[in-house]
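Visitor: Have a look at this one before I ask anything.
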Amino acid sequence: MSYTYGIFIYDKVAALDFVGPSEVFSVSNYLLGAGRVVTIAATEAPITCASGMQVIPDYTLANAPQLDVVLVPGTEATDDLLSIGEAVDWLKQRADQVRYMTSVCTGALMLQKAGLLENRKATTHWALVDALAQDPKIELLADMRYVRDGNIVTSQGISAGIDMSLWVVGQLHSPAHAREVRKILQYDPAPPYTAEV
């Protein structure tokens, strides 16, 4: 079975929030010989990430193809993200059409604004958990790397999006497939300086 993964990008997006998951989805497609990953933005203009990297979107919100998975990455510029009204409407429309609606980091705030986290469990980056905690309609699970509730999957910050994406491909295909993707990516975090010396 092949799937189309759509990643919503916008100015000041955190690059690793979507590049990490994109690699997971792309390697999955490579192993299966089918599927695709596309980027979607409000307009056709190049997107400048928070790091300065520029990305040319494949589609706009108006002409995006049918998608199986949508991913909303995060940003430090949350006010800018939440001001993209047409994206909020687009997410509402797509929520019931996709297998999974996902977010990384502060992307959860966009799902919240679209009303997709009401009466659901969710998580986000540790620095923004208060924003979700203030919403009585959300059950915040701040210590979880990623949280699935129905077809909504939220994850903590940045690298947690890779974990979430591996879980998603494991659900769409199989845990063994997700393990093979992880092996190819050599994703086996062992960060330096994690202990006192």
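Visitor: How many percent of the accessible area of the chain is carbon or sulfur, using a 1.4 Å probe? Please list the in-between numbers first.
Guide: On the way: 4860 of 9790 Å².
Of the solvent-accessible surface of the chain, carbon and sulfur hold 50 percent.
Visitor: Name the GluC sites (Glu not before Pro) in the stretch 1-95 that are in a loop by DSSP and that have at most 16 other C-beta atoms within 10 Å, would you? Write down the numbers at each step before the final one.
Guide: On the way: sites: Glu23, Glu44, Glu76, Glu86; in loops: Glu44, Glu76.
Qualifying residues, ordered by number: Glu44, Glu76.
Visitor: What percent of all Cα-Cα pairs in the stretch 48-95 falls in each 10 Å bin, counting up from 0?
Guide: All Cα pairs considered, the percentages come to 18, 53, 28, 0.
Visitor: Express the relative contact order of the chain as a whole percentage, based on alpha carbon pairs under 8 Å and six or more residues apart in sequence. Don't skip to the end; give the middle numbers.
Guide: Numbers: 404 pairs, mean separation 40.1, N = 197.
Relative contact order here is 20 percent.
Visitor: Want the number for Asp89 to Thr43: 0.36 nm per residue separation, take away the alpha-carbon distance, what's left?
Guide: Details: separation 46, 0.36 × 46 = 16.56 nm, distance 1.49 nm.
Gain in length upon complete extension: 15.1 nm.
Visitor: Sticking with this one: Throw me the Rg/Rh for the stretch 1-113, computed over C-alpha atoms with Kirkwood Rh, two decimals. Let's see the in-between values first.
Guide: Details: Rg = 13.0 Å, Rh = 13.9 Å.
Dividing the radius of gyration by the Kirkwood radius yields 0.94.
Visitor: Another one. Quick query: amide H of His173 versus all other amide H atoms, modeled in the peptide plane; which residues come in under 5 Å with a sequence gap of 5 or more or a different chain?
Guide: So His173 has HN proximity to no qualifying residue.
Visitor: Which translational diffusion coefficient, to the nearest whole µm²/s, is obtained for the chain from the Stokes-Einstein equation, given a Kirkwood hydrodynamic radius over C-alpha pairs, 37 °C and 0.692 mPa s? Before the final figure, lay out each step's value.
Guide: On the way: Rh = 16.7 Å.
It diffuses with D of about 196 µm²/s by this estimate.
Visitor: Follow-up. Under a Cβ-Cβ cut-off of 15 Å, what is the net charge of the residues other than Leu82 that fall near it, where Lys and Arg count +1 and Asp and Glu count -1?
Guide: -4
Visitor: Relative contact order (percent) for the stretch 80-169, with alpha-carbon contacts under 8 angstrom and 6 or more residues of separation? Don't jump to the answer; show the numbers that get you there.
Guide: Numbers: 153 pairs, mean separation 26.2, N = 90.
Relative CO of the stretch 80-169 lands at 29 percent.
Visitor: Only sites in a loop by DSSP and with at most 16 other Cβ atoms within 10 Å count here; which trypsin sites (Lys or Arg not before Pro) in the stretch 40-143 make the cut? Could you put the intermediate results ahead of the total?
Guide: Numbers: sites: Lys92, Arg94, Arg99, Lys113, Arg120, Lys121, Lys137; in loops: Arg99, Lys137.
Qualifying residues, ordered by number: Arg99, Lys137.
Visitor: Residue-wise, which Karplus ³J(HN,Hα) couplings in Hz belong to the stretch 41-51, taking 6.51 cos²θ - 1.76 cosθ + 1.60, θ = phi - 60°, and x for glycine or proline?
Guide: Calculated HN-Hα couplings, in order: 9, 5, 9, 7, 5, x, 9, 9, 6, 4, 7 Hz.
Visitor: Hey, what number do you get for the chain at 222 nm if only DSSP H runs of n ≥ 4 count, each worth -39500 (n - 2.57), divided across all residues, to the nearest 500? List each step's numbers first, then the result.
Guide: Working: 7 runs with 69 residues, N = 197.
Value at 222 nm, helices only: -10000 deg cm²/dmol.
Visitor: Across the stretch 183-196, in residue order, what do the Karplus-derived ³J(HN,Hα) couplings come to in whole Hz, using 6.51 cos²θ - 1.76 cosθ + 1.60 with θ = phi - 60° and x for Gly and Pro?
Guide: With the stated coefficients, the stretch 183-196 comes to 5, 4, 6, 6, 8, 8, x, 9, x, x, 6, 7, 10, 5 Hz.
Visitor: What accessible area, in Å² to the nearest ten, does a 1.4 Å probe give for Phe18?
Guide: Rounded to the nearest 10, the figure is 10 Å².
Visitor: Let me ask something additional. In percent, how large is the relative contact order of the stretch 122-197, given Cα pairs closer than 8 Å and 6 or more residues apart? Please list the in-between numbers first.
Guide: Details: 81 pairs, mean separation 16.5, N = 76.
The value is 22 percent.
Visitor: Roughly how much of Asp130 is accessible, in Å² to the nearest 10, using a 1.4 Å probe?
Guide: Rounded to the nearest 10, the figure is 100 Å².
Visitor: For the stretch 103-150, with every protein chain kept in place, what is the accessible area per residue (1.4 Å probe, Å²)?
Guide: Details: 2460 Å² over 48 residues.
Normalised by residue count, the accessible surface of the stretch 103-150 is 51 Å².
Visitor: Restricting things to Cα coordinates, could you compute the convex hull volume per residue of the stretch 109-177 in Å³? Present the calculation step by step, with values, prior to reporting the outcome.
Guide: On the way: hull volume 5.5 nm³, N = 69.
So the per-residue hull volume is 80 Å³.
The values are calculated or read from the model by the stated rules, or taken from the named source; none is laboratory data. Just so we're clear, the structure is a prediction, and the values are computed from it rather than from any experiment. Here the Cβ is made from the backbone with ideal geometry for all residues, glycine too, and neighbour counts use every protein chain on show. Each accessible area value is taken on the protein alone, full model and side chains, heavy atoms only, with ligands, DNA and RNA left out. Shrake-Rupley method; radii C 1.70, N 1.55, O 1.52, S 1.80 Å.
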